[in-house]
Structure formats: structure tokens, C-alpha cells
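The values are calculated or read from the model by the stated rules, or taken from the named source; none is laboratory data. Quantities reported herein were computed from a predicted structural model and do not represent experimental measurements. We place every Cβ from the backbone using ideal geometry, glycine too, and count neighbours over all the protein chains shown. Surface accessibility is based on the protein's heavy atoms, side chains included, excluding ligands, DNA and RNA. Shrake-Rupley method; radii C 1.70, N 1.55, O 1.52, S 1.80 Å.
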Amino acid sequence: MIPYGRQSISQADIDAVTAVLRSDHLTQGPAVPAFESKVAQTVGAAHGVAVNSATSALHIACAALGLGPGDVLWTSPNTFVASANCARYCGADVDFVDINPVTLNMCPLALERKLRKAEIAGRLPKIVIPVHFAGEPCDMAAIHRLARTYGFSVIEDASHAVGARCGATAVGACEFSDVTIFSFHPVKIVTTAEGGLALTNRAELAERMALWRSHGITRAPELMISEPDGPWYYEQLTLGFNYRMTDLQAALGTSQLDRLAEFIDARQRLAARYDGLLADLPVGLPHRSTSNHSALHLYPVRVASGRRAVTFTQLRAQGIGVNVHYIPVHLQPYYRALGFKPGDFPEAERYYAEAISLPLFPALTEAEQDVVVQELTATLERQ
Ligand SMILES: *Cc1c(COP(=O)(O)O)cnc(C)c1O
């Protein structure tokens, strides 16, 4: 099976992890802060808070921004469920903003229309989470302008977009957001096996996210309610979690980051090659804006909706590990039970009916890519 995504592990990565195994600290040692600094420096953000998944990073970001019962969070329906679930963890409500059919990202015009209505209804969102789908950055400048007008916070779900740039600015710099989230799951751009990170330029937000990451406990005297009664003293200030990343994971991530540019270059080269090889087939190719530099986490093509299931099944039968990104979140049974229904976000639903993600990862060979294209061609010709 040619998978749709796969990690790329070097001898240097293995050496970095085994060095931690031989060291004094498997967790809560020096590797996590070193990883946080390296990610923050790479993208130009002031602070990084590493956690055990992007899901946890979304949760601590929402908690640190004060999201709670009675509040509303808006995100894109064309995403993984975690982008919405973070609101539910905080007891808040979720709503969605439909996508632009070309960029497949949250549509700023749809956002503005929905904000106008929400203002009249007295139900403006506290947080909006745009998702950089497939690694292509959202129109953050437009979303930021709306954030200032309507007074909401912005968390970028950049799980797909480590290494992407919007103009000259790296995704993660938080130029137009309060917090940016990265995922380091093995199918993503760089991996720590499981892992995530929250970036911010606001020191007090970084401090609060660090509290939520580890039981709500602080050892910093300036944050404490009481005078420390000894050097052992710590205080639990809120009901936090154990979302810590281990030193093993952080060491792997630090080593992987050395190849970030190489990974993105390989994805760009393979995607451009797909563009050429697929140009004459009856499939829609993924849009990439010329002013952005996509991280190309995914290469999703569109086939006529009536042909999607057959195409998918036949490719899988030929050992091509295609996938579908995404089943619109509002159509999941959990969200339907909260009142969402088919037809609520028609662009995301139309896109879902046509989407197939082809294999794309740095170590994909041109020969494997040729097999993918041959099998896709054969499947479409048979229909
Ligand atoms: C993968 C992913 C997540 C969750 O990442 P984990 O690290 O697995 O928790 C969240 N949002 C999007 C868009 C993702 O693709």
C-alpha cells in the first residue's frame, strides 16, 4: 500500500531520541523547552508551549482565552473534528462558517455576513478558528480586520501548515492571530509521534497555556496567591490537565525541524509533478495562491461526485492509500445531535462529495507517483 502520508525518519532523528533515552530525563527535562524555542524561532513567534497533541493545544488555547459556558466558537466545517471539539471541552457552543469553494478555507465574506447577523442577534463568537486546509494559508489579514471590528480572538489551526508562508510571513508568527496551533502527528509535516504546540506573541497567554498544560500548577512565586512556605512550595491555581510532551518526543521534533525546508521542497516538487501528470484528466486540481507558500500537507483532487466512491474503492483495491479530507464536521452524529443538518454549509458538503486525497509525503518516489496516476487514469477510464 502506498499511504497518503508517511513520516520520514533519519538516523539523526533516531540518534536524538536514543540520546534522551540514555539521559536523566525522559520527560520534564531540557528537551521540551529547547524544542519550544526552536519552533518559535523558526516561525518568528515569541512563545511556544509544547503539548502531547494539537488537540490539547487547541484546548489550552481556548481555556487560556477564557472560553466557557455561554460562549460560542466558530470554525470551518472542512476540518478534523478537533478544531470544533476544543470548544465543547470548555462547555462552549460551536458554529461553523462555510468555505470558499476555491481555497477550501473559511470564506472571509461568509464570515462577515454571519458576524453581521450574529451582532444583531447578540450572539457574537468569542473565538474564531480558521484552518489552513491542506497547508494553504487562510486570508488572515481579512479575518484579523473582522476580529478587530467584532472583538473576537483568533486561533489559527495550522496543523497542516508547519513551514507554510503567507506572503513573506511564516505561518506561526501570529501576525494576525492570538495563538497558532501546530500538529506533529506522523502524517503531518514534521513529527514527534504524537504532539502539538501552541505559539503566541502574548506572554500572559503563554503563561496561562503552560498552567493548563500541567494541572494548573505553578512554581513561579509571582503567580502565587500565598507566600511560598519553602522551596518545595507550588500552587494549583486552576483545574488543569496533564497534556505534557515528553523529552523523547521533543528531541525527535527538534531533529525533524532541521529538515523542514527539505520536507516542504519535496512536497512542492511532487505536487507540481502531480499538477502536470493530471492536467488532462477529468479531475479538479488543488488551488494554490501565488502569494502564499503552501506546506502541501495534502494533495486533494476533486472527481465528479457520482464517481467518487467507485474511484476511491478501486484505488484502495490497487494499493493506493487514498483518503478523504474532510467529512464536514457538522454532519458527524455528535454535532447533528446538537442541531446541525445536511444543507447547513453547502460548499463544504459539495466539496466533501468530490474529494480524494492522493498520496503525498517527502519520500514518495516518482515511480510510486506514476503508479498513482496510472491507476487513477485507469479507474476514471473504466467509469
Ligand atoms: C491532525 C489535526 C488536528 C489534531 O491533531 P492531533 O495532533 O492529532 O491532535 C487538528 N486539526 C487539524 C486540522 C488536523 O489536521
Q) Under a Cβ-Cβ cut-off of 13 Å, what is the net charge of the residues other than Arg267 that fall near it, where Lys and Arg count +1 and Asp and Glu count -1? A) +2
Q) At a 1.4 Å probe, what is the % contribution of carbon and sulfur to the accessible area of region 163-284? A) 55 percent
(Q) Within 10 Å, at most 16 other Cβ atoms, and a DSSP state outside H, G, I, E, B define an exposed site. Report the longest part of the chain free of exposed chymotrypsin sites (Phe, Trp or Tyr not before Pro). (A) 1-231
**Q.** For Arg202, net neighbour charge (Lys/Arg +1, Asp/Glu -1) across residues whose Cβ lies under 11 Å away
**A.** -2
Q.
Given R₀ = 22 Å, what would the calculated FRET efficiency be for Glu381 paired with Arg269, taking r from the Cβ atoms and rounding to 0.05?
A. 0.20
Q) Using θ = phi - 60° and the Karplus form 6.51 cos²θ - 1.76 cosθ + 1.60, what ³J(HN,Hα) does each residue of region 162-175 get, whole Hz, x for Gly and Pro? A) 5, x, 7, 10, 10, x, 9, 9, 6, 5, x, 6, 6, 4
Q) Taking Lys117 as the anchor, which lysines have their alpha carbon closer than 29 Å to its alpha carbon, excluding any fewer than eight residues away along the same chain? A) Lys126, Lys341
Q) In straight Cα distance, which aspartates and glutamates are under 17 Å from Lys114, not counting same-chain residues fewer than 8 positions off? A) Asp71, Asp93, Asp95, Asp98, Asp139, Asp344, Glu347
Q | Other-chain or far-sequence residues with amide H under 5 Å of Leu358's (modelled H) | A | Tyr299, Val301
Q. Once the piece of chain linking Arg148 and Asp24 is laid out straight, how much longer is it, given 0.36 nm per residue of separation minus the C-alpha distance between them?
A. 39.9 nm
Q: Can you work out the accessible area per residue across the chain, with the rest of the protein chains kept in place, probe 1.4 Å, in square angstrom?
A: 42 Å²
Q) In terms of modelled amide H atoms, which long-range or inter-chain residues lie less than 5 Å from the amide H of Thr27? A) Asp247
Q) So which trypsin sites (Lys or Arg not before Pro) in region 54-117 end up in coil per DSSP with only 16 or fewer other C-beta atoms within 10 Å? A) none
Q.
How tilted is helix 31-43 with respect to the longest principal axis of the chain? Cα atoms for both, answer in degrees (0 to 90, nearest 10).
A. 60 degrees
Q) In the chain, how does Rg compare with the Kirkwood Rh, expressed as the Rg/Rh ratio over alpha carbon atoms? A) 0.99
Q. So what's the angle, to the nearest 10 degrees on a 0 to 90 scale, between helix 108-121 and the longest Cα principal axis of the chain?
A. 50 degrees
Q.
If I fit a long axis through the Cα atoms of helix 305-317 and take the longest principal axis of the Cα atoms of the chain, what angle between them do I get, 0 to 90°, rounded to 10?
A. 80 degrees
